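Note sheet for the following structure.
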Amino acid sequence: MFLNIYLKLFVILTPFFVMSAFLSLTRGFSSTERQKAAGKVTVAIILSVFVIYLFGRHIFALFGITLDAFRIGAGAVLFLSAVNMVRGPTAVTPPTPGEDVAVVPLAIPIAVGPGTIGALLVMAAEPKSLTARLVTAGAMLAAIATVGLLLSMAGRLERLVGQQGLTILTKLTGLFVSAIAAQIFFTGLKNFLA
């Protein structure tokens, strides 16, 4: 269960797409500034993911949305995000001097976009025991920490695989995200029609 959730969230966070955007937005940064930015992005992702996960049930209750209806919607939005990744990178607007890019746009909406939010809300709304919730929280924390580690090593990884390599990895991630999106969508549709 831990590994399954870890891999799913790691892929949904689109680490290589986030890394490409991170490298573009921090192009003029020194090594120290880039490390600080990577840390801030990681903390912002942790906070946003856990707020969504912890309050997901209340959002469903507040709006009276069924889990399966939301699965269908979240699967569709996540699939559109995957299509954008497979089609190619979108242009990232360069920051103005002194602008903090860690929270917006890197953490939200690049890492934690509409598709990620939808998938997290579905995970939060599924009934689970306290033990299962703790395992899920641990897996989520591990996945985000891995993304943070990749960001802190972004410069070295770019030199190792090149920009073309990052583009290929982003497209491959998009294919995996599309499969996860289809699974969420069809689970919701099957339960909705049952």
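Of note:
- Residue check for Ala91: modelled with pLDDT under 90, within 30 Å of Glu33 (Cα to Cα) and among the aliphatic types (A, V, I, L, M): yes
- Of the residues making up the range 13-51, those that are closer than 20 Å to Leu157 by Cα and hydrophobic (A, V, I, L, M, F, W, C) number 13.
- Among residues of the range 117-134 that are under 14 Å from Phe2 (Cα atoms) and touching a residue at least 40 places away in the same chain (Cβ under 8 Å), those with a beta-carbon under 8 Å from a residue that is small (Gly, Ala, Ser) and in a helix (DSSP H, G or I) at least six positions away or on a different chain give the pairs Met123/Gly56.
- Taken over the range 140-194, residues that are aromatic (Phe, Trp, Tyr) and either surrounded by 16 or more Cβ atoms within 10 Å (Cβ to Cβ) or not in a helix (DSSP H, G or I) (or both) amount to 2.
- Candidates Ala74, Ala142 - the one that is in contact (Cβ under 8 Å) with a residue 12 or more places away in the chain and within 16 Å of Tyr6 (Cα to Cα): Ala142
- Selection within the range 118-165 - of a type in the set (Ser, Thr, Tyr) and farther than 21 Å from Ala44 by Cα: Ser129, Thr131
- Filtering the range 118-135 to residues that are at pLDDT 90 or above and surrounded by fewer than 21 Cβ atoms within 10 Å (Cβ to Cβ) leaves Ser129, Leu130, Thr131, Ala132, Arg133, Leu134, Val135.
- For Phe60: the one exception among (1) modelled with pLDDT of 90 or more; (2) over 15 Å from the mean Cα position of the chain (by Cα); (3) aromatic (Phe, Trp, Tyr); (4) under 18 Å from Phe185 (Cβ atoms): (1)
- Test: residue in the range 152-168 that is among the hydrophobic types (A, V, I, L, M, F, W, C) and farther than 26 Å from Lys36 by Cβ: yes
Matching residues to (1) in contact with a helix residue (DSSP H, G or I) (Cβ under 9 Å, 6 or more places away or on another chain); (2) within 17 Å of Leu169 (Cβ to Cβ); (3) not in a helix (DSSP H, G or I):
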{"site": "Thr32", "(1), (2), (3)": "no, no, no"}
{"site": "Ser48", "(1), (2), (3)": "yes, no, no"}
{"site": "Ile59", "(1), (2), (3)": "yes, no, no"}
{"site": "Gly75", "(1), (2), (3)": "yes, no, no"}
{"site": "Thr96", "(1), (2), (3)": "no, no, yes"}
{"site": "Leu106", "(1), (2), (3)": "yes, no, no"}
{"site": "Thr116", "(1), (2), (3)": "yes, no, no"}
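The values are calculated or read from the model by the stated rules, or taken from the named source; none is laboratory data. Just so it is clear, the model here is predicted, and its values are computed rather than measured. FYI the Cβ positions are ideal-geometry reconstructions off the backbone, even for glycines, and counts take in every protein chain you see.
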